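Data block below; observations after.
The values are calculated or read from the model by the stated rules, or taken from the named source; none is laboratory data. These numbers were taken from a predicted model, which means no experiment stands behind them. Using ideal geometry, Cβ is built from the backbone for each residue, glycine included, and neighbour counts are taken over all protein chains shown. For the accessible areas, the whole protein counts, side chains as well, though only heavy atoms, and no ligand, DNA or RNA atoms are used. Shrake-Rupley method; radii C 1.70, N 1.55, O 1.52, S 1.80 Å.
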Amino acid sequence: MKNIVVTGGAGFIGSNFVRYLLERYPNYHVVVYDNLTYAGNLDNLQDVSERFAERYDFVRADICDAKEVERVVQQYSVDTIVNFAAESHVDRSLMEPGGFIQTDVYGTYVLLEAARKFGVERYHQVSTDEVYGQVLDGRSTESDRLHTRSPYSASKAGGDLMCLAYFTSFGVPVTITRGSNNIGPYQYPEKVVPLFVTNAIDDLPLPLYGDGLQMRDYQYVLDHCEGIDVVLHKGQIGEIYNLGTGTETRNIDMAHLILKLLDKPQSLLQPITDRPGHDRRYALDCRKIQSIGWQSRHTFEEALEKTVRWYVDNQWWWRKIKSGAHYEEYYTRQYAGREINPAAT
Ligand code: NAD
Ligand code: TYD
């Protein structure tokens with residue numbers, strides 16, 4: 001493996017993965033292929049383009065553009081495609097599902113076609129624990145049925161199934177990881193942890209959906225990157241690997257801890273109307289990836305502490321985003337008027 005295309009590499013996890021790969025493997029060349037949606041941000045890769053100029057290239061293009069995908073695969077003699085590109089936020093999928101189907105399903109198909117046509121050695125799909133749907137008891141294993149409930153998770157499941165179809169029907173060497181919620185540097189502040197941390201820094205309310213008792217397995221983004229690396233090098237083609245810490249935290253407890261770490265009053269917590277179809281709990285059984293040599297390095301508390309510190313120290317990064325017109329418009333559309341009036345409950 002030498003010439004890797006990382007689609008969606010200007011986003012949160014993708015940019016962390018690119019930095020990780022270039023630091024870890026001095027002989028790898030990485031092409032980031034990203035069309036820079038609202039979530040794509042070249043600030044995420046600023047240091048990468050300076051430190052690794054000779055082993056890093058950036059192409060601004062859409063994964064749904066088959067011609068451009070083929071050109072890049074040919075021009076760079078690509079042997080590996082790692083697909084992070086996606087519309088990734090559940091709340092936006094409830095507003096505008098079409099873009100999710102386009103990128104997460106059709107875009108995956110376009111990449112798989114290129115992988116097939118040019119015989120790439122590996123196509124890796126970065127997927128999510130959300131494809132299993134909510135898991136009220138027990139833990140999801142890789143062979144469980146998919147019970148998606150949001151347009152986001154349904155689109156991601158569509159992408160996964162297309163990957164498996166291309167493996168079975170055409171022998172494309174695919175692997176899939178299904179990761180739990182990531183936290184860490186460069187996460188767009190629409191996702192709950194960077195949203196809560198940056199709001200708390202500015203003494204703004206933390207909008208908690210419903211009763212706050214929903215549970216997520218929050219993992220540190222670099223643990224997730226290492227897991228993908230392990231699957232790329234030691235995973236079996238045609239296989240799916242769950243990737244998380246195996247420990248769940250309630251949203252309300254996560255919010256309390258953020259306020260405590262920042263020394264802010266708990267009164268900033270603002271209960272608001274719940275997300276429609278809100279999945280109550282995700283929980284992964286990660287024994288399969290552990291059996292090929294991966295273990296998460298950070299506990300939830302360690303991951304959250306590092307994350308909070310990064311947003312405190314890197315306000316230049318998120319203030320630029322939060323002061324933009326796109327963010328403000330989204331925030332108003334998503335949150336205005338959803339506060340639960342405590343007097344009425
Ligand atoms: P993100 O929204 O931060 O980044 C997505 C990136 O993809 C952006 O840079 C965007 O510009 C790019 N992109 C979107 N549509 C594109 C298109 N049509 N063509 C080219 N580029 C396009 O997302 P993220 O949180 O970094 O997630 C990355 C991947 O990991 C996604 O596939 C997501 O489903 C998956 N995942 C995320 C989490 C999480 O907690 N964030 C957990 C598990 C899995
Ligand atoms: P999110 O970061 O959107 O990830 P996902 O829904 O894909 O797991 O949300 C994580 C959890 O936080 C989820 O249970 C919804 C909840 N949440 C809030 O309570 N308030 C918010 O403003 C957001 C964005 C999420």
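Here are the numbers:
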read-out: Centroid-to-centroid separation of region 244-287 and region 310-341 [C-alpha atoms, Å]; value: 18 Å
read-out: Spacing of the two label points (7 Å from each Cα toward its C-beta) at Lys234 and His278, in nm; value: 3.8 nm
read-out: Dipole-positive endmost among Asn199, Ser169, His124 within region 114-215 (Cβ charges, Cα centre); value: Ser169
read-out: Total lysine pairs under 24 Å (Cα atoms) in the chain, excluding pairs fewer than 8 apart on one chain; value: 22
read-out: Among Phe100, Phe196, Phe170, residue whose mean-square fluctuation peaks in a GNM of the chain (springs only between Cα atoms under 10 Å); value: Phe170
read-out: Amide H contacts under 5 Å for Ala85, placed H, 5+ residues apart; value: Thr7, Gly8
read-out: Per-residue HN-Hα couplings for region 61-73 [Karplus 6.51, -1.76, 1.60; θ = phi - 60°; Hz; x = Gly/Pro]; value: 6, 8, 5, 7, 8, 4, 4, 5, 4, 5, 4, 5, 4
read-out: Cα-based Rg and Dmax for region 1-133, where Dmax is the largest Cα-Cα distance (Å); value: 14.3, 43
read-out: HN-Hα J in Hz across region 182-194 - Karplus 6.51, -1.76, 1.60, θ = phi - 60°, x for Gly and Pro; value: 9, 9, x, x, 6, 8, 4, x, 9, 6, 4, 5, x
read-out: Value of [θ]222 nm, deg cm²/dmol, for the chain, DSSP H segments ≥ 4, -39500 (n - 2.57) each, nearest 500; value: -12000 deg cm²/dmol
read-out: Highest to lowest packing among 88-98, 7-17, 258-268, scored as the average C-beta count within 10 Å; value: 7-17, 88-98, 258-268
read-out: Principal-axis tilt of helix 221-234 within the chain, Cα atoms, nearest 10 degrees; value: 20 degrees
read-out: Mean accessible surface per residue for region 24-178, computed with a 1.4 Å probe while every protein chain stays in place, in Å²; value: 42 Å²
read-out: Among Arg319, Arg250, Arg297: highest mean-square fluctuation, GNM of the chain, C-alpha pairs under 10 Å; value: Arg319
read-out: Selection from Ile292, Asn251, Leu269 lying farthest towards where the dipole of region 234-309 points positive, charges on Cβ; value: Ile292
read-out: Cα centroid of region 197-234 to Cα centroid of region 165-189, whole Å; value: 17 Å
read-out: Under 5 Å, built H, 5+ apart or other chain: amide partners of Ile340; value: Ile272, Thr273
read-out: Segment Thr299-Gln315, extension gain: residue separation times 0.36 nm, minus the distance between their alpha carbons; value: 3.3 nm
read-out: Vicinal HN-Hα couplings computed from phi for region 120-128 (Karplus, 6.51 cos²θ - 1.76 cosθ + 1.60; Hz; Gly/Pro x); value: 5, 6, 8, 10, 10, 9, 8, 10, 9
read-out: Cβ-placed point charges (K, R +1; D, E -1), dipole of region 72-130 about Cα centre in debye, nearest 20; value: 300 debye
read-out: Under-5 Å amide H pairs with Ser140, H placed in peptide plane, nonlocal only; value: Ala283, Leu284, Asp285
read-out: Burial ranking of peptide ranges 137-149, 121-133, 284-296, 210-222 (average Cβ count within 10 Å, highest at the top); value: 121-133, 210-222, 284-296, 137-149
read-out: Student exercise, the chain dipole from Lys, Arg, Asp, Glu Cβ charges, in Debye to nearest 20; value: 300 debye
